[in-house]
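What follows is a short report on a single structure.
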Amino acid sequence: MFIQPEWQWKQENGSGMHQWIKQKQNPHANDVDIIVYGALLSYASDPMKKAQYPTAFRKAWSSFQSYNLDEQVDLRSLAIVDIGDVAIDSTNRMLSESAIEAAAENLSIAYQKSFTCLIGGDHAITACSLRGIKNAFPNERIGIIQLDTHLDARNQEDIGLAMNSPIHQLIASGVVEGKHIYNVGLHGFFNSPEMIYYAREQGIHMITLKQMRRDGIQLTIREMLRQLMYEVDRIYVSVDLDALDITFAPDVPAATPGGLTAYELFDILKLIGENEGVRHIDFIYPDPKQNELRLETVKTGVTAFLQWLTGIQLDHRNRISRKEKAGYGATP
C-alpha cells in the first residue's frame, strides 16, 4: 500500500526538521501524533509523470528547525512519522485513485487518535482521501474547510475526477453535504457563474478574502470552526497553494493576483491546528506545466505545514496548562 519515499533522510536525533520527523513504515499507533504520507498523482502536466511536491517537500526539511520563535514552542514534543507514499499505478488512473482511497481508510482506522496529513499532488487526491475516511467512519458527518481561490465544483460527469472537480464529486456521492463545506480564499474573477450558482444551491459557505479581511482572520476562522464543531463529527482541511497570491506562489499553475499572503495563510493554519476537531489535512501543490517547482514556493508550503503543527502544539500546551490549574485549585 505504501512505498518508501523517493527522498529519505538519515535517521538521527537533532533539532532539524529532517531529524525529528521520523521516516518509517507501520509505526505503533500509540507512538504517533501525526501521520504524514504522500500521493504522487499528477494530472496538471503529464498523466504518466509523478507529482513533484511530495519529494520536494521532504527535501526542504533540512532548511527548518523545530523551534517556532514567534510562538515560543518546540515541535519536537510532537511524534510525527512519515510513512512514505501511496503506491500508485502510473498507467491506470482508476487504480491510483482507489489506492489513495484505501490508504486513507486504513490510516484512519489504524491511527484513530492521530492526525493525518496527505501531501500532493493534484487536487483530485482530496476526493480520494475523503472517500476513504468516509468508508472508515460511514456514520459520521464530515466537514470540509477548503483554502482555495476556486470552488472546485465543476460537474465531474463532464471532466472526470480531474483536479477542479473534487467538491462536486464529493457532494454528488454523498460523502459530504454542501452545508458542511466552507471555502476560504475566494476572490476576483476566477469562478464561473455556473459554479457559483451550484455552490449557493448546495449551501456551500463561500467566504471571500474581502469578507475575511474586513472581519479579521481570527474571528472568521474561529467562528467557522465553532460552527463546524457543532454540526459535524470530524473536520477535513484541504490547502491548495493556489490560494496564495501569485507573488507568493509564482509557479503554482492556478495562482492568481489578489490571493492570500503567505502571512495570512500561516495565521489561518495555526488557528486551524489549535482546533482538535480538525483530524485530517492535505496540502496541494500541482506541478507547473513545464518547469520544476520553485524552492521559494516549496518553502512556503513547508512553513504552512509547520504552522499547522504549531497550532496543534499550542492546543496541547493550553490543555496541559488548564489541567494543571484545575488540579492546583481543587480541594484535596
Looking across the stretch 207-252 at residues that are under 16 Å from residue 267 (Cα atoms) and basic (Lys, Arg), the single one that is surrounded by the fewest Cβ atoms within 10 Å (Cβ to Cβ) is 214
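Residues in the stretch 129-142 that are in contact with a strand residue (DSSP E or B) (Cβ under 9 Å, 6 or more places away or on another chain) and part of a helix (DSSP H, G or I): how many? Don't jump to the end; show me each part of the working.
Filtering the stretch 129-142 for residues in contact with a strand residue (DSSP E or B) (Cβ under 9 Å, 6 or more places away or on another chain) gives 129-130, 133-134, 137, 140-142.
Those left that are additionally part of a helix (DSSP H, G or I): 129-130, 133-134.
Selection size over the stretch 129-142: 4.
Taking the conditions exactly as written (under 28 Å from residue 42 (Cβ atoms), of a type in the set (A, V, I, L, M, F, W, C) and part of a loop (DSSP other than H, G, I, E, B)), does residue 249 satisfy them or not? Show your work before the answer.
Values: under 28 Å from residue 42 (Cβ atoms): yes; of a type in the set (A, V, I, L, M, F, W, C): yes; part of a loop (DSSP other than H, G, I, E, B): yes.
Against the criterion (under 28 Å from residue 42 (Cβ atoms), of a type in the set (A, V, I, L, M, F, W, C) and part of a loop (DSSP other than H, G, I, E, B)), residue 249 qualifies.
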Odd one out for residue 201 among (1) modelled with pLDDT under 95; (2) in a helix (DSSP H, G or I): (1)
Checking residue 284 against (1) closer than 18 Å to residue 144 by Cα; (2) surrounded by fewer than 22 Cβ atoms within 10 Å (Cβ to Cβ), which single condition isn't satisfied? (2)
Can you confirm whether the stretch 27-49 contains a residue that is part of a loop (DSSP other than H, G, I, E, B), open to solvent by 70 Å² or more (accessible area, probe 1.4 Å), in contact with an Asp or Glu (Cβ under 8 Å, 6 or more places away or on another chain) and at pLDDT below 95? yes
Any residue in the stretch 189-213 that is closer than 15 Å to residue 145 by Cβ sitting within a Cβ distance under 7 Å of a residue that is open to solvent by 30 Å² or more (accessible area, probe 1.4 Å) and hydroxyl-bearing (Ser, Thr, Tyr)? List the pairs, counting only those 6 or more apart or interchain. none
Residues that are acidic (Asp, Glu), surrounded by 14 or more Cβ atoms within 10 Å (Cβ to Cβ), touching a residue at least 12 places away in the same chain (Cβ under 8 Å) and out of contact with any helix residue (DSSP H, G or I) (no Cβ under 6 Å at 6 or more places or on another chain): does the stretch 292-302 have at least one? no
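Yes/no matrix, rows are residues, columns are (1) outside any helix (DSSP H, G or I); (2) among the hydrophobic types (A, V, I, L, M, F, W, C):
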| residue | (1), (2) |
| --- | --- |
| 174 | yes, no |
| 188 | yes, no |
| 197 | no, no |
| 211 | no, no |
| 221 | no, yes |
| 237 | yes, yes |
Note down all Cβ pairs under 6 Å where the first residue falls in the stretch 90-105 and is closer than 9 Å to residue 129 by Cα, the second is open to solvent by 30 Å² or more (accessible area, probe 1.4 Å) and assigned to a helix (DSSP H, G or I), and they're at least six residues apart or on different chains. 101/131; 105/135
If I ask for residues that are hydrophobic (A, V, I, L, M, F, W, C), touching a residue at least 60 places away in the same chain (Cβ under 8 Å) and either open to solvent by less than 10 Å² (accessible area, probe 1.4 Å) or touching a Pro at 6+ places or on another chain (Cβ under 6 Å) (or both), which ones from the stretch 108-144 would you list? 117, 118, 119, 124, 125, 128, 130, 133, 142, 144
So residue 239 ticks every box in (1) on the phi > 0 side of the Ramachandran plot; (2) in contact with a helix residue (DSSP H, G or I) (Cβ under 8 Å, 6 or more places away or on another chain) but one. Which box is left unticked? (1)
In this structure, is residue 62 over 29 Å from residue 320 (Cα atoms) and either assigned to a loop (DSSP other than H, G, I, E, B) or hydrophobic (A, V, I, L, M, F, W, C) (or both)? no
Go through 319, 279 for me and flag whichever is open to solvent by 40 Å² or more (accessible area, probe 1.4 Å), within 27 Å of residue 82 (Cβ to Cβ) and assigned to a strand (DSSP E or B). 279
Go through the residues of the stretch 162-169 one by one and say whether even a single one is modelled with pLDDT under 95, open to solvent by 40 Å² or more (accessible area, probe 1.4 Å), assigned to a loop (DSSP other than H, G, I, E, B) and not basic (Lys, Arg). yes
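The values are calculated or read from the model by the stated rules, or taken from the named source; none is laboratory data. What you see is a predicted model; the values in this text were computed from it and never measured. So basically every Cβ, Gly included, is an ideal-geometry build from the backbone, and we count neighbours across all protein chains shown. Ligands, DNA and RNA are excluded from the accessible area calculation, which covers all protein heavy atoms including side chains. Shrake-Rupley method; radii C 1.70, N 1.55, O 1.52, S 1.80 Å.
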